[in-house]
1. Suppose the filter is surrounded by fewer than 15 Cβ atoms within 10 Å (Cβ to Cβ), within 23 Å of the chain's Cα centre (by Cα) and within 22 Å of A245 (Cβ to Cβ); does L142 pass it?
2. Among the residues of the stretch 355-377, what is the count of those that are crowded, with 18+ Cβ neighbours inside 10 Å and more than 32 Å from the chain's Cα centre (by Cα)?
3. Tally up the residues in the stretch 125-138 that are surrounded by 20 or more Cβ atoms within 10 Å (Cβ to Cβ) and among the aliphatic types (A, V, I, L, M), please.
4. Whether any residue in the stretch 267-279 is more than 22 Å from V199 (Cβ to Cβ) and not assigned by TED's automatic domain parsing to the domain that holds L331 is what I want to check.
5. Is it fair to say R226 is in a loop (DSSP other than H, G, I, E, B), over 30 Å from I281 (Cα atoms) and within 18 Å of the chain's Cα centre (by Cα)?
6. State the number of residues belonging to the stretch 144-192 that are at positive phi and either outside any loop (DSSP other than H, G, I, E, B) or in contact with a Gly (Cβ under 6 Å, 6 or more places away or on another chain) (or both).
7. Looking at W279 and the list (1) at pLDDT below 95; (2) assigned to a helix (DSSP H, G or I); (3) surrounded by 18 or more Cβ atoms within 10 Å (Cβ to Cβ), which single condition is not satisfied?
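The values are calculated or read from the model by the stated rules, or taken from the named source; none is laboratory data. Being a predicted model, the structure only gives us computed values, none of them experimental. Please note: Cβ atoms are built from the backbone with ideal geometry, for glycine as well, and neighbour counts cover all protein chains shown.
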Amino acid sequence: MAEKQKKRRHRSGSIGQHDLIAGDIHHRPVIVLTFVIGLLAGTTWWSFFSGQGEAMLAIGGVMSLLFIGLSRWRAGTLNLRLPDIAGIEAPIAWTMLGLAITYLAGRLSLTYVATDDQLSLLILVLAVTILAGFSLLERDDLPIRIPSAIEWILFILAGTRVITFLLGGRMPTPLRVDPLDGDLLLWILPWGLQELILVGVVLAWDWIESQRLQRDLPDHRSAGGRALIVVLVALISLGPALLLAIGLALRRAIDWDQPALGMVSLPLILVAWVALESWSIIPSVGILDVVPVVVALTAVALVIFSVAKVRLHWTTAWLWDAQILLPIVALIALGEHSSALVISILAFSLMAWVSGVLQHRRGWRIIGALNLLSAWLIAIFSLQSGRFDPVSALAMLVATGILLGVVTWLNQAYEAELAAD
């Protein structure tokens, strides 16, 4: 039991001298939770039928914070802890969920709610951030609690954003928000504050990562967990916070040797590019037009580097990115020319085939062959529809000739190794 409590103390802290006897006992604030759930059910009902989502969010947040403080005080007098839900205290978790439902009810209200009125978003962001910060007060296990608090903030904000848009809750289209085009209080301040909080959340997450690396602590989140954080930021961010999250995620992917994290993060630069294009101050600068091309060329360069360094797992990650990015960038840059899509697929086919030969990986050679077949099928359909001119057809034939020539030469050069595969 002492050994078990030692591990638990390292994870959740100690209650003092009676930790061995009562350390696993929690204070269950049934009465407080009943009041909180009843209060938030009432604010949700009133928000939906009256459309007063801002007032109901403010009332629900303030009153719930008082109840949470009461439950914490009571647990402290008993020298006990409150139960947790996914790394955060139960009263705070239920309050966050209740406020999210109240917010959704307000946006989906039976009364009219203007799309350019985002005051309820401002209150929700403030309430969720304050609750997450309150959950960290007087805690000794902050390296464990901070990631959970960050995840709750992101899940609440991303969940409400997606659900509200899908259900027609008078929200602007994701990635098409200009935070500078609107009223200061109702539009600019909500979006601006949310972006600033996202930047803080990303920096806090990266700080926890750096502390674990400096102290040689084990990985507390897998590549999937870190990739999920970046995806959640992508669903909410207006661009800057997402770019910061991508840059830090790519660095941590190298630190933790997690190619999957890098594979997910790199294509999300295009998401940030789309979001930033909606800003009214960006078109006048015009520096974002080359971003997709740079990202695709970066993926190609990373494939070449990983093949040269014989890093098989990283090669796989960057090849999948190239498979996604090259056709997308071809359509963005030269969408009216079918030959651009065909040549981009042929280029990836060459990369996959060369990587498969040099690293003795049959799977990528098969994928290279399938991409070659796909490129020719697209070319045949385009020829039948009359979308190919003679110059485009010649470019496609030249690209195919280069591909087959390089593949034939590599197969002859590495004939013995390939025969042994």
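1. When the stated conditions are applied, L142 passes them.
2. Qualifying residue count for the region: 2.
3. Residues that pass the stated criteria total 5.
4. no
5. No: the conditions fail for R226.
6. 0
7. Every condition holds for W279 apart from (2).
Residue-by-condition table, conditions (1) among the β-branched types (V, I, T); (2) within 26 Å of A253 (Cα to Cα); (3) in the same structural domain as L33 (by TED's automatic domain parsing); (4) modelled with pLDDT of 90 or more:
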| position | (1), (2), (3), (4) |
| --- | --- |
| L104 | no, no, yes, yes |
| T111 | yes, no, yes, no |
| P179 | no, no, yes, yes |
| I197 | yes, yes, yes, yes |
